[in-house]
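Student: My questions will all concern the structure given below.
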Amino acid sequence: MLSLRTSRFVLQVLACVAAVAPMAAFAAEPGKAADMQPYVEMISGTDVKFEMLPIPGGEFLMGSPPAEADRKDDEGPQHPVKVDPFWMGKHEVTWNEYDIWSFNLDIKRRELEKKQPTDLDKGADAVTRPTKPYTDMTFGMGQRGFPAICMTQHAAKKYCEWLSAKTGHYYRLPTEAEWEYACRAGTTTKYSFGDDDADLDDYAWHYGNSNEKYQKVGLKKPNPWGLHDIHGNVAEWCLDKYEADFYSKFPLDKPAVFPLCIPNTEYPRVARGGSWDDDPPALRSAARNYSTDEWKQQDPQIPKSVWYMTDALQVGFRVVRPLKTPTVEERKTLQLDAILPSDAREKANRDQ
């Protein structure tokens with residue numbers, strides 16, 4: 001039985017509509033890239049929704065050229081990559097969306113409204129949810145309309161697993177290649193808007209203009225494919241494990257197809273795009289960042305949580321949906337879904 005206070009909290013949170021722009025109608029299920037359209041996904045049992053934009057398939061040159069200012073060695077050698085079409089979140093995942101999963105808000109609302117779960121609800125309810133956070137994970141920077149932060153890559157992948165079950169559409173994190181391809185949006189410059197750092201304030205939140213905290217999503221100009229905050233605000237988890245020399249493993253004379261550095265250890269994992277806490281060079285399209293155990297340095301738990309990163313206030317994520325849904329075997333082989341590495345331990349799920 002929920003207390004009156006808890007009930008009011010649940011209803012207040014779920015009455016909040018995600019901070020998104022006016023919506024297009026959801027398109028029929030496309031069978032080919034030419035039929036892909038922007039769409040709005042509702043999270044059933046709530047008032048929360050988010051926008052997805054079609055990203056056309058194609059080829060691009062991944063990494064940065066040797067002459068690019070502020071370039072690091074792990075951004076090369078540049079190599080051609082082929083990317084299949086997918087949809088990508090117009091915005092970073094917000095607390096409005098993330099808290100539904102994290103705090104069982106959809107389940108609590110059903111209980112309050114005395115509704116029966118749908119078949120999709122039943123599948124989503126079976127997905128493991130995080131343990132109780134030990135502090136306010138927004139760290140006082142804002143909740144409604146702001147990007148979710150401080151989750152581990154494992155937690156972000158579990159959210160995608162829940163979202164897939166909840167909506168009936170397969171969602172996952174982008175690969176590092178998909179992320180850079182979508183960020184560049186056909187451009188070859190330092191940023192998706194050009195080479196001049198002076199223009200960055202129009203497109204991104206960074207250390208110089210963020211007032212030392214993240215900002216609501218969608219307030220800056222989008223990149224050429226309509227993605228907001230692809231530079232800055234929060235860095236975004238990718239599927240890959242970080243290897244500094246990963247690009248050297250691919251041929252230079254033909255495109256790599258779906259390159260993915262499959263993660264097999266808890267650290268390091270890739271986060272791209274830079275954040276509110278970074279200087280402009282970290283926000284470049286080719287810039288790479290990666291997790292370390294210092295991102296959980298102040299975690300008081302033993303063992304440290306597989307869900308939260310106490311010191312990663314700069315990291316969030318956005319979701320993608322591939323046009324071609326991978327098979328169960330592909331998901332398992334490529335570790336597209338959440339699989340804890342052997343050097344991480346999962347604490348028991350909290351009693352909801």
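The values are calculated or read from the model by the stated rules, or taken from the named source; none is laboratory data. Here the structure is a predicted model, which means the values were calculated and not measured. Every residue, glycine as well, gets a Cβ built from its backbone with ideal geometry; the counts of neighbours run over all protein chains shown. For accessibility, only protein heavy atoms count, side chains too; no ligands or nucleic acids. Shrake-Rupley method; radii C 1.70, N 1.55, O 1.52, S 1.80 Å.
Student: Look at Asp106 and say whether it is part of a helix (DSSP H, G or I) and of a type outside the set (Lys, Arg).
Tutor: Working: part of a helix (DSSP H, G or I): yes; of a type outside the set (Lys, Arg): yes.
Yes; evaluated as a whole, the condition is true for this residue.
Student: While we're here: May I ask you to list the residues in the range 235-289 that are open to solvent by less than 40 Å² (accessible area, probe 1.4 Å), under 19 Å from Gly58 (Cβ atoms) and either of a type outside the set (D, E, K, R) or touching a Leu at 6+ places or on another chain (Cβ under 6 Å) (or both)?
Tutor: Cys238, Tyr247, Ala256, Pro259, Leu260, Ser285, Ala286
Student: Taking the range 175-206, which residues are under 20 Å from Lys82 (Cα atoms) and surrounded by fewer than 21 Cβ atoms within 10 Å (Cβ to Cβ)?
Tutor: Of everything in the range 175-206, those that are under 20 Å from Lys82 (Cα atoms) and surrounded by fewer than 21 Cβ atoms within 10 Å (Cβ to Cβ) turn out to be Ala185, Gly186, Thr187, Thr188, Thr189.
Student: Look through the range 111-154, keep the residues that are in a loop (DSSP other than H, G, I, E, B) and among the small types (Gly, Ala, Ser), and return whichever of them is most open to solvent (accessible area, probe 1.4 Å).
Tutor: Step one: list which residues in the range 111-154 are in a loop (DSSP other than H, G, I, E, B), which gives 114-118, 126-146, 148-150, 152.
With among the small types (Gly, Ala, Ser) added as a condition, the list becomes 126, 140, 142, 145, 148.
Numbers: Ala126: 83, Gly140: 67, Gly142: 21, Gly145: 2, Ala148: 1 Å².
This residue is Ala126.
Here's the yes/no breakdown for (1) more than 18 Å from the chain's Cα centre (by Cα); (2) under 17 Å from Ala235 (Cβ atoms); (3) charged (D, E, K, R):
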position	(1), (2), (3)
Phe146	no, yes, no
Lys157	no, yes, yes
Ala185	no, no, no
Asp201	yes, no, yes
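Student: Further, regarding this structure: In the set Glu212, Glu236, Glu243, which member is in contact (Cβ under 8 Å) with a residue 40 or more places away in the chain and in a loop (DSSP other than H, G, I, E, B)? Step through it out loud before you land on a result.
Tutor: Numbers: Glu236 fails: in a loop (DSSP other than H, G, I, E, B); Glu243 fails: in contact (Cβ under 8 Å) with a residue 40 or more places away in the chain.
Checking each option against the conditions leaves just Glu212.
Student: For the range 280-314, which residues satisfy the criterion of being hydroxyl-bearing (Ser, Thr, Tyr), in contact with a Ser or Thr (Cβ under 7 Å, 6 or more places away or on another chain) and more than 21 Å from Phe103 (Cα to Cα)?
Tutor: Passing the criteria: only Ser285.
Student: Just give me the residues in the range 290-321 being closer than 30 Å to Pro85 by Cβ, in contact with a Pro (Cβ under 9 Å, 6 or more places away or on another chain) and crowded, with 20+ Cβ neighbours inside 10 Å, in sequence order.
Tutor: Across the range 290-321, the qualifying residues are Ser291, Gly316, Phe317, Arg318, Val319, Val320.
Conditions tested, residue by residue: (1) among the small types (Gly, Ala, Ser); (2) in a loop (DSSP other than H, G, I, E, B); (3) out of contact with any strand residue (DSSP E or B) (no Cβ under 7 Å at 6 or more places or on another chain); (4) modelled with pLDDT of 95 or more.
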residue	(1), (2), (3), (4)
Ala18	yes, yes, no, no
Glu51	no, no, no, yes
Pro54	no, no, no, yes
Pro77	no, yes, yes, yes
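Student: Of all the residues that make up the range 284-339, how many are touching an Asp or Glu at 6+ places or on another chain (Cβ under 9 Å), of a type in the set (A, V, I, L, M, F, W, C) and in a helix (DSSP H, G or I)?
Tutor: 1
Student: Here are some residues: Lys108, Lys122, Lys132. Which one is touching a residue at least 60 places away in the same chain (Cβ under 8 Å), over 19 Å from the mean Cα position of the chain (by Cα) and under 24 Å from Ile339 (Cα atoms)?
Tutor: On the way: Lys108 fails: under 24 Å from Ile339 (Cα atoms); Lys122 fails: touching a residue at least 60 places away in the same chain (Cβ under 8 Å).
After applying the criteria, what remains is Lys132.
Student: Before we move on, is Trp95 aromatic (Phe, Trp, Tyr), out of contact with any helix residue (DSSP H, G or I) (no Cβ under 8 Å at 6 or more places or on another chain) and either open to solvent by less than 10 Å² (accessible area, probe 1.4 Å) or farther than 30 Å from Phe146 by Cα (or both)? Break it down stepwise before answering.
Tutor: Working: aromatic (Phe, Trp, Tyr): yes; out of contact with any helix residue (DSSP H, G or I) (no Cβ under 8 Å at 6 or more places or on another chain): yes; either open to solvent by less than 10 Å² (accessible area, probe 1.4 Å) or farther than 30 Å from Phe146 by Cα (or both): no.
It is false that Trp95 is aromatic (Phe, Trp, Tyr), out of contact with any helix residue (DSSP H, G or I) (no Cβ under 8 Å at 6 or more places or on another chain) and either open to solvent by less than 10 Å² (accessible area, probe 1.4 Å) or farther than 30 Å from Phe146 by Cα (or both).
Student: Counting just the residues of the range 45-62 that are among the charged types (D, E, K, R) and more than 9 Å from Tyr181 (Cα to Cα), which one comes out least open to solvent (accessible area, probe 1.4 Å)? Step through it out loud before you land on a result.
Tutor: Going through the range 45-62, the residues among the charged types (D, E, K, R) turn out to be 47, 49, 51, 59.
Still in the running and more than 9 Å from Tyr181 (Cα to Cα): 47, 49, 51.
Working: Asp47: 56, Lys49: 52, Glu51: 20 Å².
Going through the qualifying residues, I end up with Glu51.
Student: Here is a follow-up. Just name the residue that is surrounded by the fewest Cβ atoms within 10 Å (Cβ to Cβ) out of those in the range 63-92 that are small (Gly, Ala, Ser) and farther than 30 Å from Glu41 by Cα.
Tutor: Taking the range 63-92 and keeping what is small (Gly, Ala, Ser), we get 63-64, 67, 69, 76, 89.
Pick out the ones that are also farther than 30 Å from Glu41 by Cα and you get 63-64, 67, 69, 76.
Working: Gly63: 20, Ser64: 24, Ala67: 6, Ala69: 11, Gly76: 18.
Per the criteria, the residue is Ala67.
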